[in-house]
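The values are calculated or read from the model by the stated rules, or taken from the named source; none is laboratory data. If you're wondering where the values come from, they're calculated on a predicted model, not measured in any experiment. Here the Cβ positions follow ideal geometry from the backbone for every residue, glycine too, while neighbour counts run over all protein chains shown.
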């Protein structure tokens with residue numbers, strides 16, 4: 001059985017955030033760059049449930065882990081794309 005493939009807009013939707021490309025770009029621009037020693041889930045802008053979701057997906061190497069990692073990289077670079 002093939003595991004589901006998720007993309008950035010679906011992650012934003014899962015997190016309860018606006019999921020249009022322009023909204024994602026704005027989110028990245030507003031919240032980046034993250035400090036190198038800060039874990040993604042520990043960033044101040046997540047709600048408790050969002051942070052728990054992000055942490056669990058990475059720790060469990062779950063279905064969403066790849067796209068969560070993509071978001072992590074984007075937030076550290078300081079720009080979308």
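Looking at (1) free of Cβ contacts under 8 Å to residues at least 60 places away in the same chain; (2) surrounded by 11 or more Cβ atoms within 10 Å (Cβ to Cβ), which one does residue 71 not meet, given that it meets all the others?
(1)
Among (1) surrounded by fewer than 16 Cβ atoms within 10 Å (Cβ to Cβ); (2) at pLDDT below 95; (3) touching a helix residue (DSSP H, G or I) at 6+ places or on another chain (Cβ under 7 Å), where does residue 58 come up short?
Going through the list (1) surrounded by fewer than 16 Cβ atoms within 10 Å (Cβ to Cβ); (2) at pLDDT below 95; (3) touching a helix residue (DSSP H, G or I) at 6+ places or on another chain (Cβ under 7 Å), residue 58 breaks only (1).
Do you know which residues across segment 71-81 are in contact with a helix residue (DSSP H, G or I) (Cβ under 7 Å, 6 or more places away or on another chain) and either farther than 14 Å from residue 8 by Cβ or at pLDDT below 95 (or both)?
Residues of segment 71-81 that are in contact with a helix residue (DSSP H, G or I) (Cβ under 7 Å, 6 or more places away or on another chain), as a first pass: 71-72, 74-75, 79-80.
Answer for segment 71-81, where residues must be in contact with a helix residue (DSSP H, G or I) (Cβ under 7 Å, 6 or more places away or on another chain) and either farther than 14 Å from residue 8 by Cβ or at pLDDT below 95 (or both): 79, 80.
For residues that are surrounded by fewer than 13 Cβ atoms within 10 Å (Cβ to Cβ) and in contact (Cβ under 8 Å) with a residue 24 or more places away in the chain, scanning just segment 6-20, find the one that is nearest to residue 73 (Cα to Cα).
7
Only one of these conditions is not met by residue 78: (1) free of Cβ contacts under 8 Å to residues at least 40 places away in the same chain; (2) exposed (fewer than 13 other Cβ atoms within 10 Å of the Cβ). Which number is it?
(1)
For segment 4-12, indicate whether the set of residues that are modelled with pLDDT under 95, within 21 Å of residue 61 (Cβ to Cβ) and within 12 Å of the chain's Cα centre (by Cα) is non-empty.
Residues of segment 4-12 modelled with pLDDT under 95: 4-6.
Still in the list and also within 21 Å of residue 61 (Cβ to Cβ): 4-6.
Next, only the ones that are within 12 Å of the chain's Cα centre (by Cα) stay: 6.
Among the residues of segment 4-12, at least one is modelled with pLDDT under 95, within 21 Å of residue 61 (Cβ to Cβ) and within 12 Å of the chain's Cα centre (by Cα), which makes the answer yes.
For segment 33-55, enumerate the residues that are touching a residue at least 40 places away in the same chain (Cβ under 8 Å) and surrounded by 14 or more Cβ atoms within 10 Å (Cβ to Cβ).
Once the filter is applied, which keeps residues that are touching a residue at least 40 places away in the same chain (Cβ under 8 Å) and surrounded by 14 or more Cβ atoms within 10 Å (Cβ to Cβ), segment 33-55 yields only 34.
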